[in-house]
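Comments concern the structure below.
The values are calculated or read from the model by the stated rules, or taken from the named source; none is laboratory data. If you're wondering where the values come from, they're calculated on a predicted model, not measured in any experiment. Glycine also receives a Cβ, built like all others from the backbone with ideal geometry; neighbour counts cover every protein chain displayed.
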Amino acid sequence: MVKLGEIFTISRGGSPRPIQDYITDSCNGVNWIMIGDTEPNSKYIRHTAKKIKLEGVKKSRKVYPGDLLLTNSMSFGRPYILDVEGCIHDGWLVLSPKNNQIHIDYFYHYLNSPAAKIIISNKAAGAVVKNLNSDIVRKLEIPFPPFAEQVRIASTLDKVDGIRQKREKTIKLADDFLRATFLEMFGDPVTNKKKWPLRRLNDICNNVIDCPHSTPKWIDNGTICIRTSNLSKGGWVWSDKRFVSEETYVERTKRSVVDEGDIILSREGTVGVAAIVPKNLKLCMGQRLVQLKLDKNQVVPEYLLSFLLYELDPVRISRVMSGSTSKHINVSELKQLNVMLPSMKEQKLFAEIRNKIINISTKAKADHFLFEALSSQLMS
């Protein structure tokens, strides 16, 4: 293990002020590197949108290709490798190698690893806005293998990361295709140009159950109690599970047991997220949730979920929202929501297509977690 400050010169950027007086279109200007010059999923900064005048350089920090940049505010701790020469403002820290035994790609991957992000987050905690300073980064201890091993690890993670990025594109394409399939089969619910029959949500559900309005007593292990953070747009997030006792489970399911095929949606906080309850999973509801028990003679869970995700999109959700300060879904209004109701045959066909798409997306997401696990293992 070695402290970063022992092998890197670490400095904070600086900005000539007022900055607008130093921005120039001249070809002789110096690249002015901003966070907006970064690209999603890229480890390099290769171009800049703006330049500053030469006289602004002495009031800033000069950086060079091969330097490692860290964001020190907002998306703090995100590393990038420089592929251009320029100057940086005080939203960046620069790590310049002190010797030629440093393979910069290895340190990029380490600082971008889940383990490093947790350490950096904890170090930066405490302020109203998390912020990294150069002293925190200098004192960070990280594994420092021989140069050849650094190259091997970085090369492996480059290849795996390339696969991960392709999988992320697959997930995005799958989501877009699912949405397009829904609109192609059933049309836009807002206009209902295909003239599907309309039924109130309350009329196609056996029950619409608001959550218990109390905070459960948590325990270390037991039955999963669903929170809004466990929901995504159409799926579940189990990275942060909370548990309750059998006694608490019984108390929180007095009004209704959570069964396979029910739909759980968030009514407050992150609204517009929902998922279908899978089989063989014992659950109860926490706060800020609504449970839909469907009449499966009228509606297929996969169809209704996709309809709700479309209808409860933030752009269209206002008509079932209440509250002036803390916006939330009004359950009474939700029950009155008009639902397009195609035939069961058409709903089931959509469900088959959706399940195939979800399987592709699930495999791609599993590859993402595999990359994170491999990254942590190689860096330990």
_Hits in the stretch 201-223 (condition: within 33 Å of the chain's Cα centre (by Cα) and either assigned to a strand (DSSP E or B) or of a type in the set (S, T, N, Q) (or both))_ = Asn202, Cys205, Asn207, Val208, Ile209, Asp210, Ser214, Thr215, Ile219, Asn221, Thr223
*Restricting the stretch 1-25 to residues that are assigned to a helix (DSSP H, G or I) and of a type in the set (Asp, Glu), which is farthest from Lys98 (Cα to Cα)?*
Asp21
*Leading residue by the ranking (farthest from Ile119 (Cα to Cα)) among those in the stretch 69-99 that are assigned to a loop (DSSP other than H, G, I, E, B) and among the polar types (S, T, N, Q)*: Asn99
_Residues satisfying the stated conditions in the stretch 75-90, i.e. touching a residue at least 40 places away in the same chain (Cβ under 8 Å) and either of a type in the set (A, V, I, L, M, F, W, C) or over 20 Å from Phe107 (Cα atoms) (or both)_ = Phe76, Leu82, Val84, Gly86, Cys87, Ile88, His89, Asp90
*Name, by its number, the condition in (1) modelled with pLDDT of 95 or more; (2) closer than 21 Å to Asp158 by Cα that does not hold for Ser42.*
(1)
_Of the residues Ser60, Ser11, only one is surrounded by 20 or more Cβ atoms within 10 Å (Cβ to Cβ), more than 25 Å from Ser155 (Cα to Cα), at pLDDT 90 or above and of a type in the set (Ser, Thr, Tyr); which?_
Ser60
*Right, Leu198: surrounded by fewer than 19 Cβ atoms within 10 Å (Cβ to Cβ) and either closer than 20 Å to Val300 by Cα or outside the structural domain of Glu333 (by TED's automatic domain parsing) (or both) or not?*
yes
*asked:* For the list (1) touching a Pro at 6+ places or on another chain (Cβ under 8 Å); (2) surrounded by 21 or more Cβ atoms within 10 Å (Cβ to Cβ); (3) part of a loop (DSSP other than H, G, I, E, B), I need the number of the one condition that Gly66 fails.
replied: (2)
*Residue check for Ser96: small (Gly, Ala, Ser), more than 19 Å from Asn41 (Cα to Cα), surrounded by fewer than 22 Cβ atoms within 10 Å (Cβ to Cβ) and more than 30 Å from the chain's Cα centre (by Cα)*: yes
*Scan the stretch 202-242 for residues that are surrounded by 16 or more Cβ atoms within 10 Å (Cβ to Cβ), hydrophobic (A, V, I, L, M, F, W, C) and touching a Cys at 6+ places or on another chain (Cβ under 9 Å) and jot them down.*
Ile224, Cys225, Ile226
_Sole exception among (1) modelled with pLDDT under 95; (2) farther than 25 Å from Asn355 by Cα; (3) among the aliphatic types (A, V, I, L, M) for Val250, by number_ = (1)
